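First, the structure itself, so that you have it in front of you.
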Amino acid sequence: MYKEITNTKEDPTLEQAQKFVGGYVELVRVKGGVLLIDEEGRLKPNYLPNPQASALYGDTILGPAIFISNKIKSEWIA
């Protein structure tokens, strides 16, 4: 699963992000924004590669991911 946040109203809380990614949230900076992924995604055998998130990161991301653009006013982007 991959979700792109397109406006401030969709900006996820920590609880919402944890529920979506399926665990503890890790913030990964990528060109154009940030990815929120499962901190332990590589340890979960049922997580498959996420092609959209992997393309943004430049390496394999496993499991669900949320992308938040730098263009969105978000609590995740400082």
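Full-extension gain between Lys44 and Ala78, please, as 0.36 nm times their residue separation minus the C-alpha to C-alpha distance.
That works out to 9.3 nm of additional length.
Would you grab the residues whose amide H sits under 5 Å from the one on Glu39? Only those 5+ places off in sequence or on another chain, please, with H modelled 1.01 Å from N.
Amide H to amide H, under 5 Å and 5 or more residues apart or across chains, Glu39 pairs with Tyr24, Val25, Glu26.
Given that just one value was derived from the coordinates, which of (1) 12.6, 36; (2) 11.5, 34; (3) 13.4, 41 is Rg and Dmax of the Cα atoms in Å?
Looking at Rg and Dmax of the Cα atoms in Å for this model, the match is (2).
Can you pull out the chymotrypsin sites (Phe, Trp or Tyr not before Pro) in the chain whose DSSP state is coil and whose Cβ has at most 15 other Cβ atoms within 10 Å?
Loop-located and lightly packed - Tyr24.
Where the accessible area of the chain is counted over protein heavy atoms with a 1.4 Å probe, how much of it, in %, is carbon and sulfur?
Here carbon and sulfur together make up 53 percent of the probe-accessible area.
Per residue, how much accessible area does the chain have with a 1.4 Å probe, in Å²?
Here the residues of the chain average 65 Å² of exposed surface.
Using θ = phi - 60° and the Karplus form 6.51 cos²θ - 1.76 cosθ + 1.60, what ³J(HN,Hα) does each residue of segment 55-69 get, whole Hz, x for Gly and Pro?
Taking θ as phi minus 60°, the curve returns 5, 5, 7, x, 8, 6, 10, 9, x, x, 8, 10, 9, 10, 6 Hz for segment 55-69.
Given a cut-off of under 8 Å on Cα pairs at least six residues apart, what relative contact order in percent is computed for the chain?
40
A further question on this structure: Where the only charges are on Cβ atoms (+1 Lys, Arg; -1 Asp, Glu), what is the dipole of the chain about its Cα centre, to the nearest 20 debye?
220
How big is the accessible area of Thr13 in square angstrom, nearest 10, if you roll a 1.4 angstrom probe over the protein chains?
Result for Thr13: roughly 60 Å² accessible.
The values are calculated or read from the model by the stated rules, or taken from the named source; none is laboratory data. A quick note: this is a predicted structure, and the numbers were derived from the prediction, not measured. Here the Cβ is made from the backbone with ideal geometry for all residues, glycine too, and neighbour counts use every protein chain on show. Just the protein is used for accessible areas: all its heavy atoms, side chains included, with ligands, DNA and RNA removed. Shrake-Rupley method; radii C 1.70, N 1.55, O 1.52, S 1.80 Å.
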